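These notes are about the structure you will find just below.
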């Protein structure tokens, strides 16, 4: 089992200007993704826990990144914890080992996404 903790998810940050340049111009799907994100942000911006400013954390990107490349350079093997009813972790000495990532290569997953979006938009025009 592999785990990407929340701090690892938070590493895949992107600016709204970057999305405007690298996503929106790339066909119908690029425009849809950009507009959806902007509209979603506007609908939820009143919530105190919602990110403010021009930075966005892109959801499940670390999991996708690890599926494309296991990035076997920045993780620890730890004993799998038990999960308590309140969802906290309880140590379980001797339990099987799991891979817990310390980081992912955020540029890898973002640039791979941008490239695939660009290639798809080219075929959309053909």
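Of the strands (runs of 3 or more DSSP E) lying entirely inside segment 1-114, those containing at least 3 residues that are over 30 Å from residue 125 (Cβ atoms), in contact with a strand residue (DSSP E or B) (Cβ under 8 Å, 6 or more places away or on another chain) and touching a residue at least 60 places away in the same chain (Cβ under 8 Å) are 97-101. When segment 36-51 is filtered for residues that are over 26 Å from residue 112 (Cα atoms) and at pLDDT below 80, the ones remaining, listed by number, are 45, 49, 50. Is it the case that residue 81 is more than 18 Å from the chain's Cα centre (by Cα) and within 13 Å of residue 3 (Cβ to Cβ)? The answer is yes for residue 81.
Exactly one residue out of 21, 14 is out of contact with any helix residue (DSSP H, G or I) (no Cβ under 8 Å at 6 or more places or on another chain) and within 18 Å of residue 116 (Cα to Cα), and it is 21.
The values are calculated or read from the model by the stated rules, or taken from the named source; none is laboratory data. As the structure is a computational prediction, the values presented were derived from the model and not from experiment. So basically every Cβ, Gly included, is an ideal-geometry build from the backbone, and we count neighbours across all protein chains shown.
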